[in-house]
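Working notes, beginning with the structure itself.
The values are calculated or read from the model by the stated rules, or taken from the named source; none is laboratory data. What you are looking at is a predicted structure, and each value in this text was computed from that prediction instead of being measured. No Cβ is skipped: glycine too gets one built from the backbone with ideal geometry, and neighbour counts run over all protein chains shown. We work out accessible area using only protein heavy atoms, side chains counted, and drop any ligands, DNA or RNA first. Shrake-Rupley method; radii C 1.70, N 1.55, O 1.52, S 1.80 Å.
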Amino acid sequence: VGAMWGGGHSVVLGAAAAALRFLGVAVPTRYAWFAELGVAAMLVLLGVFGARRVLRAVDGQAHGHDHAHTINSLQQTQTHLRALAMGAVHGMAGSSAAVLLAASANDTLGILPFTVLFGAGTVAGMSVATVLLGVVLGRASRRSERLHRALLLGASVVSVLVGIVLAAMLLRGGHAQG
């Protein structure tokens, strides 16, 4: 999942950087503000959908429904596609905006290795983060289903809050407004 997130991040970023170089255009300074607002919206939606999934599982168990803990290939593909899409959205914001601004410069040979290394670092970093998070959630799940759900619900709530705070900062003229 982390590699897919990083891959989506890197592919979109690389394609945008290449398009900027090919077309010879620069990134508008207000671009970062809109891209960050998209990330804020994505964080809120991710948190809402995550919380909904956890609460549905709790509600289903309270009503006697048995849920299998196996993941079929369709669910796995959907998870990977979601991670790819989230990476793509995030790939167009944050520190990636700096890469796009650099791609607007006249140093074609310098930006290529920089973009490739940035993308490789993103894939590696998100892969490591996913493995570490997976280990923690896996252990929590083996110890207690309640603890596992609490961690997932907590992460969902934090995602919503971070998205709301980021959006509020942006809308009030915060750091990302150029």
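Based only on the alpha carbon positions, what is the Kirkwood hydrodynamic radius of the range 119-178, in angstrom?
Answer for the range 119-178: a Kirkwood hydrodynamic radius of 13.9 Å.
Find out how many positive minus negative residues lie around Leu137, taking Lys and Arg as positive, Asp and Glu as negative, among other residues whose Cβ is under 12 Å from that of Leu137.
Neighbourhood net charge equals +3.
Please give the solvent-accessible surface of Met126 in Å², to the nearest 10, using a probe radius of 1.4 Å with every protein chain present.
60 Å²
Shape of the range 1-41 from its Cα gyration tensor (a ≥ b ≥ c, root eigenvalues): rounded if a/c is under 1.5, otherwise prolate when a/b > b/c, or oblate?
The shape class here is oblate.
In whole Hz, with x marking every Gly and Pro, tabulate ³J(HN,Hα) for the range 38-52 from phi via Karplus 6.51 cos²θ - 1.76 cosθ + 1.60, θ = phi - 60°.
Each residue's phi maps through the Karplus curve to give x, 5, 4, 5, 5, 4, 5, 4, 4, x, 5, 5, x, 4, 4 Hz.
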